[in-house]
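Here is the structure we will look at.
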Amino acid sequence: MKFINYRNVLATFLLILSNVTIFAQTGNRPVIVYVTDAMCAWCYGGNERVSNVQKHFQNKTDFTVISSGFAANENAGTLNTLLPYLIGDYKLVESKTGVTFGEDFLNGLFKDDTTFLDSRNCAVALYIFSLYYPEKSLEFMQCMQHSIFYNGIYPQSKELFDLCALQFDLKPEDLEEKMKQDLNIKSAEAQFIVAEDLNADILPAIYLQMDGEILLVSKGFATEDAIIQTIEKYLKKRKPSQSESADDY
């Protein structure tokens, strides 16, 4: 168990200024926090399981997605430098998760050891999207990761953001304009600091915010059943508010 420790006051201020809290709550409901990165292959492989977890607890918890920054800014690099901790053995990811890496990715991005890959723009796009459709944040991340790992689209490309914007009936030019705004960039980067404070050093990582604490659910590959069981175990220990009864959980 741990309390979140915002070590960067500026980051926290920016989040407040933008009228957004990292772990927004409906009333006093717990919040499932999913930490991911657009360039994380294991996250791409685990999206369906996490989506099922979100649906399983939709009447009991809120759900939020934040970017870790593991492949952003100073952590960005060529695919070779990202392989050890974000890509790994793609065949193992396929066998463990059932996901498929597309030929366009395997014959394009995957073989390209010179192109610099940076997921910061994906983090900014996710942050902006979450302001409007927080309940669909995971779907938006899924769109970006599918575009990268299946369709082989570069994570910094305009094509990627136009495609995902249109999928959710957003105007690509509006998203593009907002992605250039310094406040949105800084607010997205503030999430990297939150992920670090959570010690989300292995992706994907899932936490539960409950009763003023941030509780670790899983890091790395975990089965859907294991994730659900851990969250249910935590929820049974939850202190009900005045408007709730213990039987609600």
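General remarks:
- Ser147 being of a type in the set (Ser, Thr, Tyr), buried (at least 23 other Cβ atoms within 10 Å of the Cβ) and part of a helix (DSSP H, G or I): yes
- Of the residues making up region 157-171, not a single one is modelled with pLDDT under 95, among the acidic types (Asp, Glu), part of a helix (DSSP H, G or I) and within 20 Å of Ala123 (Cβ to Cβ).
- Enumeration of residues in region 35-71 that are more than 18 Å from Ser147 (Cα to Cα) and assigned to a loop (DSSP other than H, G, I, E, B): Phe57, Gln58, Asn59, Lys60, Thr61, Ser68, Gly69, Phe70
- For region 221-236, a tally of residues being in a helix (DSSP H, G or I) and either of a type in the set (S, T, N, Q) or surrounded by 13 or more Cβ atoms within 10 Å (Cβ to Cβ) (or both) returns 10.
- Filter result for Leu109 (over 22 Å from Val33 (Cβ atoms) and in contact with a helix residue (DSSP H, G or I) (Cβ under 7 Å, 6 or more places away or on another chain)): yes
Let's see how each residue does on (1) at pLDDT 95 or above; (2) of a type in the set (A, V, I, L, M, F, W, C):
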| position | (1), (2) |
| --- | --- |
| Val50 | yes, yes |
| Phe57 | yes, yes |
| Asn73 | no, no |
| Ala76 | no, yes |
| Ile87 | no, yes |
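- Number of positions in region 89-117 that are in a loop (DSSP other than H, G, I, E, B), charged (D, E, K, R) and at pLDDT 80 or above: 1
- Flag if Asp201 is within 22 Å of Gly69 (Cβ to Cβ) and either charged (D, E, K, R) or at pLDDT below 95 (or both): yes
The values are calculated or read from the model by the stated rules, or taken from the named source; none is laboratory data. Since the model is a prediction, treat every value here as computed from it, not as a measurement. As a convention, Cβ positions derive from the backbone with ideal geometry for all residues, glycine included, and neighbour counts pool all protein chains shown.
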